[in-house]
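First comes the structure, then the notes that go with it.
The values are calculated or read from the model by the stated rules, or taken from the named source; none is laboratory data. All values derive from a computational prediction rather than experimental measurement. Every residue, glycine among them, receives a Cβ derived from its backbone with ideal geometry; neighbour counts consider all protein chains shown.
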Ligand SMILES: CC(C)(COP(=O)(O)OP(=O)(O)OC[C@H]1O[C@@H](n2cnc3c(N)ncnc32)[C@H](O)[C@@H]1OP(=O)(O)O)[C@@H](O)C(=O)NCCC(=O)NCCS
Ligand SMILES: [Fe+2]
Ligand SMILES: [Fe+2]
């Protein structure tokens, strides 16, 4: 594939490298060990890539068939304003989110897992760089009094992380979060990037394929350690058990589902030629994909525990344990991981503040429901302000003091602030309709 | 599975196909090699996630084909599509699934600017050679040489 590589002007490029030295201090370690961990793979480089030869025409919506826009000035002013907000917010969150993984990076038990997460973080830095490139490469004066240069300076001078995340951040509690986040939340990112590669704004669309190739690695940085942990758990390891993994899945999956936006929305993006699928459709594909991931993890467990079994026999054991909930050849239902119900622990979208249990069972009592959630979530997360805020809102909804829709609007949402790469790092907790970078992602609201 | 009218769908490879592909390989080669396939799929996904394909029959993965476009190899300067690894579930062979995978991959190679598609077939694997012949491939003017090092 033909790719154009560019750098942003020297002084901004240097500013990014300086930012990296401060916020990604392990970068040198990554590069020193690159060839050992990633032999034959091109070394990481801070630069912007544009995929050449993408589709020339707008691919869906009202302007379908017209040439894609190459300059912001040619867009409808409202669309251009939205796009600019999306790129700015995206840039700041890509940079800011690197700090989220940094919290627990040092706690990895395995150097390989750690270096993979580190590479993913460096690639998120490149995603930020990619967005800066979009800001500097076009003239945005049609929609903003702030010049591209000023916007970039603003983004790089933000000590992103702390103030953007504020009290609404869901912190990582252990390295299991790093991996599970990549496996589940970067997976949402993959969907969004995939959808945005049809964007009517050509430079944005051209930015997506290289980011998608990196995203494939981000998924692996999550799924590969999860597989190993399941295999080790099957052999009796006490370090990371399947119960630990289950609780972290329960913590993130509901947030991942909500990142697709309200199940009833998404039509406007399709009409604008910005995305090819409505929210519920994309969310459903995602949920099915996670179901497959869960089954794969369980197969790893079964085959590690019972290596003498052939494929068919192992599948039969897994099916029986899951369907009958009984121990088969020493493997119990609780030894495996399971997909939480789509309505479990939701605070946005159609099932917001429903008292729906992990297996889809209905609860009539808030206290019983909170006890149920407590039993299914990681201990450290239960002690977080995020969980407390949710619990308080849930009581208000149950007492009829507020509606679920109103409460949902007030809950911080793990949403893609902006439009570009919605993977791990572009994800921020934002309260209500507020946004970190000024660009609300419509579909995330109830 | 044996329903001749069942619907075949060809789609790009995804990371969650690993389990199914490992299973297909096990059916074909008789060995469970999850780590080999994890590495392999990782490579192709990272290089070009759209180039490699799987075939689904009624939603179940029954075949796969891995490949990519490269240039500059063996002195071949022009962009060349390479079909590198493939497999079809023995239970559904002979139903044009391999043919459809190849057709989709060739379309993709063309769209990527490749003017030639190449593959290497072990002389002992006669079925595969016949498969490619049926698809219009001809022996190329490159002779592979090898030498045992141990
Ligand atoms: C080769 C393979 C992919 C063919 O898949 P398939 O779905 O059965 O193939 P199709 O039904 O699409 O067949 C397409 C053509 O190839 C021919 N063909 C396929 N397998 C053949 C064989 N073993 N012998 C002779 N011809 C064969 C078919 O007759 C058909 O020709 P036609 O359309 O002119 O009638 C499959 O047999 C396979 O997976 N083999 C093992 C692969 C392997 O070992 N992989 C590991 C190393 S890469
Ligand atoms: Fe990213
Ligand atoms: Fe990512």
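Worth pointing out:
- In segment A:408-421 there is at least one residue matching the filter, namely being surrounded by fewer than 20 Cβ atoms within 10 Å (Cβ to Cβ) and either modelled with pLDDT under 95 or over 27 Å from residue A:236 (Cα atoms) (or both).
- Candidates A:111, A:78, A:124: the one that is crowded, with 18+ Cβ neighbours inside 10 Å and in the same structural domain as residue A:148 (by TED's automatic domain parsing) is A:124.
- Where a residue in segment B:95-115 is at positive phi and its partner, wherever it lies, is not in a helix (DSSP H, G or I), with Cβ under 6 Å and at least six apart: B:113/B:79
- Of all residues in segment A:189-225, those that are in contact (Cβ under 8 Å) with a residue 40 or more places away in the chain and either within 24 Å of residue A:106 (Cα to Cα) or within 14 Å of another protein chain (Cβ to nearest Cβ) (or both) total 20.
- So residue A:127, is it in contact with a helix residue (DSSP H, G or I) (Cβ under 7 Å, 6 or more places away or on another chain) and closer than 16 Å to residue A:204 by Cβ: yes
- Number of the exception - residue A:62 against (1) outside any helix (DSSP H, G or I); (2) within 27 Å of the chain's Cα centre (by Cα); (3) in contact (Cβ under 8 Å) with a residue 12 or more places away in the chain: (2)
- Matching residues, segment A:232-243, being surrounded by fewer than 17 Cβ atoms within 10 Å (Cβ to Cβ) and part of a helix (DSSP H, G or I): A:243
- The set of residues in segment A:320-333 being exposed (fewer than 14 other Cβ atoms within 10 Å of the Cβ) and within 20 Å of residue A:359 (Cα to Cα) consists of A:323, A:324, A:325, A:326, A:327, A:332.
- Residue in segment A:204-222 that is part of a loop (DSSP other than H, G, I, E, B), at pLDDT 95 or above and away from ligand 3 (no atom under 16 Å from the Cβ) present: no
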